[in-house]
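Undergrad: Quick one: this structure, given as structure tokens, is what I'll be asking you about.
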Amino acid sequence: MKPKSAEAARNTQKGTPPQDGIGPFCHLAGLFGQRLYFYNRTKRYTDKLKIDSSRCIGCGQCAAVCPMRNITLVDGNAKSGERCTMCYRCISRCPQQCITLLGKRVVEQGRIERYL
């Protein structure tokens, strides 16, 4: 490992990650180049969340983790609103994998637990 990489790894393990490149210009570039651009892009998907009601067991885990309170339980099934910010928390948490954001139908989502 190169000296600078090794030092960065040691500092990260100690809880003091390197601060290289975190100046005012980088903060402004991050704000304008990423957040504002993607904010407008995500508006296209705010109502695209699909929930397969035939597979939903009504456990409410998706509604509990949604930071926008976009998912509600109605008659024992999850229903989505129009405030999705594409955080994928509901998709990751759903034990039945009955939620998808992209596409017209719900397909099995990849879960990290398979690879651990």
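Undergrad: Does residue 49 satisfy being at negative phi, surrounded by fewer than 18 Cβ atoms within 10 Å (Cβ to Cβ), touching a strand residue (DSSP E or B) at 6+ places or on another chain (Cβ under 8 Å) and not aromatic (Phe, Trp, Tyr)?
TA: Against the criterion (at negative phi, surrounded by fewer than 18 Cβ atoms within 10 Å (Cβ to Cβ), touching a strand residue (DSSP E or B) at 6+ places or on another chain (Cβ under 8 Å) and not aromatic (Phe, Trp, Tyr)), residue 49 does not qualify.
Rundown of residues vs (1) in a loop (DSSP other than H, G, I, E, B); (2) polar (S, T, N, Q), yes/no style:
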site: 55; (1), (2): yes, no
site: 62; (1), (2): no, no
site: 68; (1), (2): yes, no
site: 79; (1), (2): no, no
site: 87; (1), (2): yes, no
site: 92; (1), (2): no, yes
site: 97; (1), (2): yes, yes
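Undergrad: Hey, does the range 24-32 have a residue that's assigned to a helix (DSSP H, G or I), modelled with pLDDT under 90 and more than 30 Å from residue 7 (Cβ to Cβ)?
TA: Going through the range 24-32, the residues assigned to a helix (DSSP H, G or I) turn out to be 24-32.
Going one step further and asking which of them are modelled with pLDDT under 90, we end up with 24-32.
This time we only want the ones that are more than 30 Å from residue 7 (Cβ to Cβ), so: 32.
Yes.
The values are calculated or read from the model by the stated rules, or taken from the named source; none is laboratory data. For clarity, every value in this text was computed on a predicted model and none was experimentally measured. Cβ coordinates were reconstructed from backbone atoms using ideal geometry, including for glycine residues, and neighbour counts include every protein chain displayed.
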